[in-house]
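What follows is a set of notes on a single structure, which appears directly below.
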Amino acid sequence: MPPANGGYMVAAYVAAGVIYLAYSVWLYWRSRDR
Amino acid sequence: MTAIPSAERALKRGGILMAIGLAAVAVVYVRALVFTPEEATQGLAQKIFYIHVPSAWVALYLAYAIVGIFSVLYLLLKDPRLDLVASSSAEVGTVFATVVLITGPIWGKTVWGTWWTWDARLTSTLFLYFIYLAYLVLRSAVEEPGRRARYCAVLGILGALLVPFIHMTVYLFRTLHPMPVVLQPGRPQLPGSMLITLLSSFVAFTVFYAGLLARRYAWARLRAARAQEEADASR
């Protein structure tokens, strides 16, 4: 297997993780009880 | 006034479930990346499957299906809470659909050699995504709550009607997209270790979705309860 495939895998996991974490944090902050 | 304290408690419960879901997704990351064997022909790129497929499951078969079901119920029963569930699910579902549409091309680039192709599965999923973006825009564009709920319910139902069609696109058309390996008649076509990773990712992403939905819905309820209280006070 070309080693580049690992890079694509990491890119996909990082992209998904960033989106999920960012939305969770954003939802948490904007819905905090004020 | 009991609506506000009860929404605040629901907000806390949603936050806890959201954190549990996030932790479960992290566990799936570790299992998929470290403890699942590499696939023979696609190599490491195949592991994208463990985030792409459960995200698609949550976005299309859970979140957008719930938008459709709760929108129908709203039109029948006119209970504003049904509209709040539908709109919360649409927002959360769109986050998952964003991940589907980002991880798909990353996988496609390595396995197909192209980021994007205008085949039936990809194109119809992109159009579904646009419909729910329009849904979210429509929500912020209509001020009057009753009218907003009615318009959005209609759009939400029309969008959800696309989901069974999108599921069938890989059978109906000549498409590059792989066939379902689990959500299909017959036995799952995966070796045991990969199947366990995939099924646990389905569970983890479902819990994560439930947490996000619970938190988002509780917040919508809290806002509605506060708006109601203000309206009552100014009367």
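Remark: the B:Leu77-B:Asp119 segment gains 11.2 nm on full extension, using 0.36 nm per residue and subtracting the alpha carbon distance.
Test of understanding: what is the full-extension gain from B:Ala231 to B:Met168, defined as 0.36 nm times their sequence separation minus their Cα-Cα distance?
My answer for the length gained is 17.9 nm.
Where a ≥ b ≥ c are the square roots of the eigenvalues of the C-alpha gyration tensor, would you call the stretch B:1-130 rounded, which needs a/c under 1.5, or, failing that, prolate if a/b is larger than b/c, or oblate? Since a/c reaches 1.5 but b/c is at least a/b, the shape of the stretch B:1-130 is classed as oblate. Quarter the surface of the alpha carbon convex hull of the stretch B:95-186 and you get the mean projected area, 7.1 square nanometres. Helical runs (DSSP H, four residues minimum) scored at -39500 (n - 2.57) apiece and divided by the length of chain B put the mean residue ellipticity at 222 nm at -26500 deg cm²/dmol. Each principal axis of the Cα cloud of the protein assembly as shown was taken in turn, and the coordinate range along them, longest first, works out to 71, 36, 31 Å. Springs join every pair of Cα atoms under 10 Å in this Gaussian network model of chain B, and among B:Val182, B:Val27, B:Val85 the largest mean-square fluctuation is at B:Val182. In this structure, B:Ala26 and A:Val10 have a Cβ-Cβ separation that, at R0 = 25 Å, corresponds to a calculated FRET efficiency of about 0.95. Equivalent-ellipsoid semi-axes for chain B (Cα gyration tensor, √(5λ), whole Å, largest first): 36, 21, 13. Annotation: lysines with alpha-carbon distance below 24 angstrom to B:Lys78 (same-chain offsets under eight excluded): none found.
Here's the list of lysines a cross-link from B:Lys47 could span, going by alpha-carbon distance under 29 Å and ignoring same-chain residues fewer than 8 apart: B:Lys109. Our note on the geometry: Cα centres of the stretch B:1-57 and the stretch B:136-195, 19 Å apart.
Just so you know, all these numbers are worked out from the coordinates, no wet-lab data involved. Quick caveat: nothing in here was measured; it's all calculated off a predicted structure. Every residue, glycine among them, receives a Cβ derived from its backbone with ideal geometry; neighbour counts consider all protein chains shown.
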